[in-house]
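Report on one structure; see the data block that follows.
The values are calculated or read from the model by the stated rules, or taken from the named source; none is laboratory data. These figures come from a predicted structure and were not determined experimentally. Ideal geometry is used to build each Cβ from the backbone, glycine not excepted, and the neighbour counts take in all protein chains shown.
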Amino acid sequence: MIKNASIDLSDYTPLSGEDHVLLVPARCEAFMCYGPLVPDGYGCCYNPRSASIVFGVSALNSSPETHSSTFRDALEASLTQMRELLELPDDAA
């Protein structure tokens, strides 16, 4: 194939997840977890349930730039902000 820096950059995927599979909610709290596709990336999967969502987050210990706990905290903060926005009264939005 053609070797070009722009092709390498466009093929760089720092987050792997459910975009490659059919998502089917499970009845139990089990989940399948994905690993990162690149050394400084993350893997993330989720299992939507009737009253909760179970997340699995991963990162390689060999990368000083990625920490699964940091990703988890950012994911939780984002989901909390979305919930708060959705819970606003109709006249406040």
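From the list SER78, SER6, SER50, SER69, the lone residue that is more than 13 Å from the chain's Cα centre (by Cα) and either outside any loop (DSSP other than H, G, I, E, B) or modelled with pLDDT of 90 or more (or both) is SER6. Once the stretch 81-93 is narrowed to residues that are assigned to a helix (DSSP H, G or I), more than 16 Å from ILE53 (Cα to Cα) and among the hydrophobic types (A, V, I, L, M, F, W, C), the residue that is farthest from the chain's Cα centre (by Cα) is ALA92. The single residue among TYR34, TYR42 that is in contact with a Leu (Cβ under 6 Å, 6 or more places away or on another chain), at pLDDT 65 or above and under 23 Å from HIS67 (Cβ atoms) turns out to be TYR42.
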